[in-house]
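Asks: Sharing a structure here in structure tokens format.
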Amino acid sequence: MELHQDCPECDSEEFYRAASTMVHLGEKVKWRCVDCGYGFVRIDGAVDTSTA
């Protein structure tokens, strides 16, 4: 799966889904930039480390 979002480390706008698991808040998904490897985590809208 892919996600289109601006990477804060490089000029890429493409991320791939690196991993996912269920936690008590919902589905935890790790995203990685296809160019530089920058990563962030989202948990069902409750947590988004890309905005931290």
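The values are calculated or read from the model by the stated rules, or taken from the named source; none is laboratory data. What you see is a predicted model, and the numbers here were worked out from it, not measured in a lab. We place every Cβ from the backbone using ideal geometry, glycine too, and count neighbours over all the protein chains shown.
Conditions tested, residue by residue: (1) outside any strand (DSSP E or B); (2) of a type outside the set (S, T, N, Q); (3) buried (at least 16 other Cβ atoms within 10 Å of the Cβ).
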site	(1), (2), (3)
Asp6	yes, yes, no
Ser12	yes, no, no
Ser20	no, no, no
Glu27	no, yes, no
Cys36	yes, yes, no
Ser50	yes, no, yes
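Asks: Please verify whether Ala52 is at pLDDT below 95 and over 9 Å from the mean Cα position of the chain (by Cα), treating the condition exactly as stated.
Replies: In short, yes.
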